[in-house]
Structure formats: structure tokens, C-alpha cells
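Visitor: One structure is given below, represented as C-alpha cells, and several questions about it will come after.
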Amino acid sequence: GAGVSQSPRYKVAKRGQDVALRCDPISGHVSLFWYQQALGQGPEFLTYFQNEAQLDKSGLPSDRFFAERPEGSVSTLKIQRTQQEDSAVYLCASSPGAGAFYEQYFGPGTRLTVT
Amino acid sequence: AQKITQTQPGMFVQEKEAVTLDCTYDTSDPSYGLFWYKQPSSGEMIFLIYQGSYDQQNATEGRYSLNFQKARKSANLVISASQLGDSAMYFCAMRVGGTSYGKLTFGQGTILTVHP
């Protein structure tokens, strides 16, 4: 079956531009996570959705970052007025249940480069 | 707060030999899960193995085994019979329950290079 997909795979943005990153989770998965991975580092949690509800956004680094999942399936991570420090790989993961011990399935990531 | 520490930035191993990648963790939650992921240069995060905090036996998955020492808070990954395709970045991660909703906390990673 289809896994988690993300688009675009690569995005180059000029500093100050807005970007939107899309995540298509595995069909029927309740939980959706966004992570940010800086070059040479481990991924860091950004935000969590359970269906359409954003239950945890404690990892979003600033109010320039906004995420939504309006119908409980596809999610979009939006970054406004991009800065160079936003350059990273953005990973999306989905999970079939809402509990902590369901496996998370990762997408291939979107590599964002801010110039 | 949860923390994962991987102290080996890079490791080298000869093909067909075994290698151990170190991971220590810190949490006050008695219920947690420990994971190892492989990230090749292509970027996808590949799940390798899982160990629950209440599991009595060490987890094994094919050539991967997890050396879980709860008292020491360590969860080292052992790869037996290394293959060239094992060259990648390896991440240890932890998940706890409660209001963390199962978000993963990752270590800094270890780059493994397998030599022919």
C-alpha cells in the first residue's frame, strides 16, 4: 500500500518568502506528526495532530510556523517570512492510533533551503 | 523531559563483522518505548527495531538486536554480519505516553561506515 508522501521533495525559497509543505499520511491514520531535521542532527518534534485537532504545537520554533489538518487527513506546514535558520528537512510521520506505542511511519521529507 | 544521548558521531566496521551503536536515555516515566531508525543518504527514516520498557527480553529483528540494560538506561543497537548497505546514519529515539502523545525524541545520530 501507499506510504506517507510529502511534496515538494525539495524547495528553495528566498529569505522572506512564504512556503507551504504538504504531507499525505497513510489512509486512515489518526495521528500525524511534523519534525524538523537540521543538517547532521536528529529530527526534532514540531507539532502533533490527532485527526483534525492540533493537540501539541509546543515544538514550533516561532509564530511564523503554522500547521493545519482541516479534514483529518492531508496536513500542511506553512512557514511565513522564511529565514536562513529555517533551512532543514521537514519530516512528516503518521500513526494508526492515538496512543504512544503505535509505530510512526515516516515520509521522505521535504528539504527546504532558504537563500 | 526526555533525553537521548548517542556519544559516537561516527563508527567504522569491516564488512561481515558485528558493530554496536551506543544509546543512553533519560526519562522519569516508567512506561516508554525505545526505537532505532536508519537514515540512508536518500533521507527516508527506516524503522529497525523497538523495545518496550516492560519487555522482559531483548528485541531482535533479523541482523539487528537491541541490548537493553534498564538499570543503566542504555539501549545499544547491535548489527551482526555488517553489509555495505548498512552504511547510513542511525538514530536512537524514545517515546513516552501521557500528554506527549507519543512524539519521538531523537538522539544526535551515529554515522556508520561499512568497509569492504
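Visitor: Tally the residues that are under 14 Å from the mean Cα position of the chain (by Cα) and farther than 29 Å from B:Gly52 by Cα, restricting the search to region A:73-109.
Guide: The total comes to 9.
Visitor: Within the bounds of region B:48-63, is there any residue that is away from every other protein chain (no Cβ under 13 Å), without any contact (Cβ under 8 Å) to a residue 60 or more places away in the chain, surrounded by fewer than 12 Cβ atoms within 10 Å (Cβ to Cβ) and within 28 Å of A:Ser58 (Cα to Cα)?
Guide: Within region B:48-63, not a single residue is away from every other protein chain (no Cβ under 13 Å), without any contact (Cβ under 8 Å) to a residue 60 or more places away in the chain, surrounded by fewer than 12 Cβ atoms within 10 Å (Cβ to Cβ) and within 28 Å of A:Ser58 (Cα to Cα).
Visitor: Continuing with this model, one more query. Which one is farthest from the other protein chains (Cβ to nearest Cβ), of the residues in region B:103-116 that are open to solvent by less than 40 Å² (accessible area, probe 1.4 Å) and under 14 Å from the mean Cα position of the chain (by Cα)?
Guide: Looking at residues that are open to solvent by less than 40 Å² (accessible area, probe 1.4 Å) and under 14 Å from the mean Cα position of the chain (by Cα), I get B:Leu112.
Visitor: Restricting attention to region B:82-102, and to residues there that are in a strand (DSSP E or B) and not hydrophobic (A, V, I, L, M, F, W, C), which single residue is nearest to B:Ser31 (Cα to Cα)?
Guide: B:Arg95
Visitor: Next question, about the same structure. Tell me which residues, restricted to region A:62-115, are touching a residue at least 60 places away in the same chain (Cβ under 8 Å), within 14 Å of chain B (Cβ to nearest Cβ) and surrounded by fewer than 17 Cβ atoms within 10 Å (Cβ to Cβ).
Guide: Scanning region A:62-115 gives A:Pro96, A:Gly97, A:Ala98, A:Thr113.
Visitor: Restricting region B:22-39 to residues that are of a type outside the set (Ser, Thr, Tyr) and assigned to a loop (DSSP other than H, G, I, E, B), which is most open to solvent (accessible area, probe 1.4 Å)?
Guide: Applying the filter and picking the extreme gives B:Pro30.
Visitor: Can you name the residue in region B:1-21 that is within 28 Å of A:Arg111 (Cα to Cα) and open to solvent by less than 60 Å² (accessible area, probe 1.4 Å) and is also nearest to the chain's Cα centre (by Cα) among such residues?
Guide: Only one residue fits best here, namely B:Leu21.
Visitor: Tell me yes or no: at least one residue of region A:38-57 is surrounded by 14 or more Cβ atoms within 10 Å (Cβ to Cβ), at pLDDT 95 or above and among the hydroxyl-bearing types (Ser, Thr, Tyr).
Guide: Looking through region A:38-57, at least one residue is surrounded by 14 or more Cβ atoms within 10 Å (Cβ to Cβ), at pLDDT 95 or above and among the hydroxyl-bearing types (Ser, Thr, Tyr).
Visitor: I would also like to ask the following. Quick one: which of A:Tyr48, A:Tyr10, A:Tyr35 is within 11 Å of another protein chain (Cβ to nearest Cβ) and over 29 Å from B:Thr5 (Cβ atoms)?
Guide: When all the criteria are applied, what remains is A:Tyr10.
Visitor: Now a separate question. Looking only at region B:75-102, count how many residues are small (Gly, Ala, Ser), within 15 Å of the chain's Cα centre (by Cα) and either buried (at least 20 other Cβ atoms within 10 Å of the Cβ) or at the interface with chain A (Cβ under 7 Å from one of its Cβ atoms) (or both).
Guide: The total comes to 2.
Visitor: Of the numbered conditions (1) in contact with a Leu (Cβ under 9 Å, 6 or more places away or on another chain); (2) open to solvent by 50 Å² or more (accessible area, probe 1.4 Å); (3) in a loop (DSSP other than H, G, I, E, B); (4) within 14 Å of another protein chain (Cβ to nearest Cβ), B:Ser42 satisfies every one except a single condition; which is it?
Guide: With respect to (1) in contact with a Leu (Cβ under 9 Å, 6 or more places away or on another chain); (2) open to solvent by 50 Å² or more (accessible area, probe 1.4 Å); (3) in a loop (DSSP other than H, G, I, E, B); (4) within 14 Å of another protein chain (Cβ to nearest Cβ), B:Ser42 is out only on (1).
The values are calculated or read from the model by the stated rules, or taken from the named source; none is laboratory data. Computed from a prediction, not measured in an experiment: that's the story for all the values here. Ideal geometry is used to build each Cβ from the backbone, glycine not excepted, and the neighbour counts take in all protein chains shown. Please note that ligands, DNA and RNA were not included when accessible areas were found on the heavy atoms of the full protein model with its side chains. Shrake-Rupley method; radii C 1.70, N 1.55, O 1.52, S 1.80 Å.
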